[in-house]
Amino acid sequence: MIRGITDTVKHLLIINVIMFIGTITLGNGELFSHWFSLYFPENDLFKPWQIFTHMFMHGGGAHLLFNMFALWMFGTAVETQLGSKKFLFLYISAGLGAMLFQLGYYYFQYYSASQGITGFNFSPELLHEIINVNSIEGDYIKPGLFHSGLSDILVENNYSGPQIGSDAFSSLYEMNKVTMARMVGASGCIMGVLAAFGMMNPEAKLMLIFLPVPIKAKYFIPGIIILDIISAFSGQSFFSNSNTAYMAHVGGAFTGFIIMWYWKKTQFNKNRWDR
C-alpha cells in the first residue's frame with residue numbers, strides 16, 4: 001500500500017486516470033466519450049455497459065482532479081474503517097444509486113416535456129429521429145442547432161401534420177436536451193463515500209476551500225446535499241457549472257447513507273465496524 005493511500009482507493013485512482021488519458025488521446029476525444037459515458041436510454045449512443053463505465057469517466061482535468069482529491073481524502077479514511085471489500089461495494093453501489101436518481105430525474109423531465117406534443121401524433125420513428133438531433137456544440141446544447149436539424153428531418157420525412165409552434169418546439173427541444181445529456185464522473189460514488197464518512201465521523205470538522213470555516217461533518221454533509229437538491233430544481237449552481245448532474249450527487253449520498261445505516265444496524269458492535 002502506498003503511504004497514505006489504501007489499496008482500493010489507489011486502484012480506483014489509477015483506473016480513473018487511465019480512463020481520462022484514453023479520453024483525451026484516442027479518437028479525437030470522442031471515442032471513449034461515445035463508448036463509456038452514460039447516455040439517456042433514448043439516445044442512439046446508449047449501451048448497457050455505460051451504467052458502470054461512466055463512473056470512471058470525467059469531463060475535464062479540473063473535474064478529475066477535484067473528484068480524485070475527494071476520493072483520496074475521504075475514501076482512504078472510509079476504507080481504513082470499513083475494509084476494502086465493503087468500501088468497494090459502497091463505492092460502486094453509490095455510483096449505481098446516483099445513476100438511478102439522475103436517470104429518474106431525466107425521465108421525469110422527458111415525459112413532462114412530451115405532454116406538449118400530444119396532439120401531433122409523431123410516429124415513434126420520426127420522434128426518435130427528432131430527439132436524437134445532434135444539437136451539441138462544444139459542451140453545450142444549442143437551440144439553433146436543434147431548430148436546423150428539426151427542419152431537415154421534417155422535410156426528409158415529408159411531415160404534413162399540425163404546424164409546430166413555439167410551445168411544441170420548446171417541448172421537443174426539452175426532450176432533445178434530455179436525450180443529448182450524458183453522465184460522467186465519480187461524483188455520485190464520492191458522495192456515497194462522503195455520506196459514509198459523515199456517519200462514522202460525525203464530529204470531524206470539514207471546510208470548503210472558499211469558506212474556510214470548520215463545520216462538523218454531521219452538519220456539513222447534509223448541507224451539501226440540500227444545496228444539490230436546490231440546484232437541481234432551481235438551476236442555481238453553488239459549487240460547479242450548470243450542467244452538473246445534481247440529482248446524481250443526491251442519489252449517491254442517499255445510497256451511501258442507506259448502506260451505512262443498514263450495516264450500522266446489523267453489524268456494528270461496541271469496538272469496531274465488522275469487516
**Item:** From the options Ile224, Ile215, residue that is closer than 23 Å to Thr80 by Cα, β-branched (Val, Ile, Thr) and modelled with pLDDT under 95
**Value:** Ile215
**Message:** When you scan segment 143-166, do you find a residue that is polar (S, T, N, Q), closer than 25 Å to His63 by Cβ and free of Cβ contacts under 8 Å to residues at least 60 places away in the same chain, even just one?
**Reply:** no
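Per-residue answers, yes or no, for (1) closer than 28 Å to Phe197 by Cβ; (2) of a type outside the set (D, E, K, R):
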site	(1), (2)
Lys10	yes, no
Leu31	no, yes
Phe40	no, yes
His58	yes, yes
His63	yes, yes
Leu71	yes, yes
**Item:** Test result for Leu65, more than 16 Å from Tyr39 (Cα to Cα), without any contact (Cβ under 8 Å) to a residue 40 or more places away in the chain, among the aliphatic types (A, V, I, L, M) and surrounded by fewer than 21 Cβ atoms within 10 Å (Cβ to Cβ)
**Value:** yes
**Long-range neighbours under 7 Å by Cβ, at least six apart or interchain, first residue at negative phi within segment 105-122, second surrounded by 16 or more Cβ atoms within 10 Å (Cβ to Cβ) and in a loop (DSSP other than H, G, I, E, B)** = Tyr106/Phe40; Tyr106/Ala181
**Prompt:** Do we find that Met260 is surrounded by 13 or more Cβ atoms within 10 Å (Cβ to Cβ), modelled with pLDDT under 90 and part of a helix (DSSP H, G or I) in this structure?
**Reply:** no
**Item:** Pairs, first in contact (Cβ under 8 Å) with a residue 60 or more places away in the chain and more than 11 Å from Ala195 (Cα to Cα) in segment 245-260, second part of a helix (DSSP H, G or I) and hydroxyl-bearing (Ser, Thr, Tyr), C-beta under 6 Å, six or more apart
**Value:** Met247/Tyr105
**Request:** Report, by residue number, each residue of segment 15-32 that is assigned to a helix (DSSP H, G or I), out of contact with any Phe, Trp or Tyr (no Cβ under 8 Å at 6 or more places or on another chain) and surrounded by fewer than 17 Cβ atoms within 10 Å (Cβ to Cβ).
**Result:** Val17, Ile18, Ile21, Ile24, Thr25, Gly27, Asn28, Gly29, Leu31
**Prompt:** Name the residues in segment 44-58 that are surrounded by 19 or more Cβ atoms within 10 Å (Cβ to Cβ) and more than 14 Å from Leu13 (Cα to Cα), would you?
**Reply:** Gln50, His54
**Message:** Given the criterion of a type in the set (S, T, N, Q), at negative phi, loosely packed, with under 12 Cβ neighbours inside 10 Å and at pLDDT 90 or above, identify the matching residue among Ser171, Ser135, Ser166, Ser148.
**Reply:** Ser166
**Request:** State whether one or more residues within segment 93-110 are surrounded by 17 or more Cβ atoms within 10 Å (Cβ to Cβ), among the aromatic types (Phe, Trp, Tyr), touching a Leu at 6+ places or on another chain (Cβ under 8 Å) and part of a helix (DSSP H, G or I).
**Result:** no
**Request:** Say whether the condition of being among the small types (Gly, Ala, Ser), more than 25 Å from Ala248 (Cα to Cα), loosely packed, with under 14 Cβ neighbours inside 10 Å and more than 23 Å from the chain's Cα centre (by Cα) is met by at least one residue in segment 117-124.
**Result:** yes
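Residues checked against (1) modelled with pLDDT under 95; (2) closer than 14 Å to Ser187 by Cα:
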site: Ile2; (1), (2): yes, no
site: His34; (1), (2): yes, no
site: Gln50; (1), (2): no, no
site: Thr53; (1), (2): no, yes
site: Phe56; (1), (2): no, yes
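The values are calculated or read from the model by the stated rules, or taken from the named source; none is laboratory data. Everything numeric in this text was worked out from a predicted model, so none of it was measured. Neighbour counts are summed over all protein chains in view; Cβ atoms, including those assigned to glycine, are modelled from backbone coordinates with ideal geometry.
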